[in-house]
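Please read the structure below before turning to the comments.
Since every read-out is calculated from the coordinates, none of them should be taken as a lab result. Everything numeric in this text was worked out from a predicted model, so none of it was measured. Cβ: placed from backbone, ideal geometry, glycine included. Neighbour counts: every protein chain shown.
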Amino acid sequence: AQSVTQLGSHVSVSEGALVLLRCNYSSSVPPYLFWYVQYPNQGLQLLLKYTTGATLVKGINGFEAEFKKSETSFHLTKPSAHMSDAAEYFCAVSDRVSGTYKYIFGTGTRLKVLA
Amino acid sequence: EAQVTQNPRYLITVTGKKLTVTCSQNMNHEYMSWYRQDPGLGLRQIYYSMNVEVTDKGDVPEGYKVSRKEKRNFPLILESPSPNQTSLYFCASSLKGGGTIYFGEGSWLTVV
């Protein structure tokens, strides 16, 4: 079965430092991959997605992620953290299984940005 | 404005009292689904629907029912709520299964 693993349920970085949130998935074929962000008391908002084509995907708020098939990874990065980036981040995959689509979410990584 | 709307946003109810959480989307999406979010467990899919009158179980369907009589609406029904169904619930939709999924703002449900 498809699975998504996010390493680190909590990550702390200093303001201005690199943000790296890790995501690995299990799939025998390249799935569609997503990163979502959840701010307190809000729903999930799409940051970026990979479907096909260029493996480096740019999203909103300066985030980007690189699809690495050989490593089955889709890590999220941002060169310089801002206080407003503090939120919970979810990696997700969608995969076609028996004619229907399943979305599998990781357990989330809560990002804390230190002043 | 394109959106997924869920109601109620906050609810405290008692064990065994049937309740329905409504979900409506105005994007003409075919795919709709319900998730529950619990600390440390991420989002887990309860039910999903590929189109009108087509629904299927997700990973944690026990204790829930859904219906999809119209394309825009996908209510979640708890026939006899229990305390272990206390959670944050999200409705979501996608144009077609597999693509970007859009979420409602969530419904906090407490069962006492």
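Kirkwood-type hydrodynamic radius, chain B: 13.8 Å, calculated from all non-identical alpha-carbon pairs.
Antiparallel beta bridges, as assigned by DSSP with both residues in the protein assembly as shown, represent about 90 percent of the total such bridges.
Translational diffusion coefficient of the stretch A:1-49 at 20 °C, 1.002 mPa s, Stokes-Einstein with Kirkwood Rh over Cα pairs, in µm²/s as a whole number. Calculated translational D: 164 µm²/s.
Among the listed pairs B:69/B:96; A:49/B:71; B:57/B:96; B:17/B:65, those with a Cα-Cα distance over 21 Å are A:49/B:71.
The tail of the calculated P(r) for the stretch B:1-44, taken as Cα-Cα distances beyond 14 Å, holds 65 percent of the pairs. Net charge near residue A:21: determine it from the other residues with C-beta under 14 Å of the C-beta of residue A:21, scoring Lys and Arg +1 and Asp and Glu -1. Once positives and negatives cancel, what remains is 0. The alpha carbon radius of gyration of chain A, expressed as a multiple of 2.2 N^0.38 Å, is 1.04. The Rg/Rh ratio of the protein assembly as shown, with Rg taken over Cα atoms and Rh as the Kirkwood radius over Cα pairs, comes to 0.97. When its C-alpha radius of gyration is set against 2.2 N^0.38 Å (N residues), the stretch A:58-115 gives a value of 1.37.
Within the shell of other residues whose beta carbon sits under 10 angstrom from the beta carbon of residue B:32, the net charge comes to +2, with Lys and Arg scored +1 and Asp and Glu -1. Lys-Lys pairs in the stretch A:61-113 that are eight or more residues apart or on separate chains and whose Cα atoms lie under 22 Å of each other come to 5.
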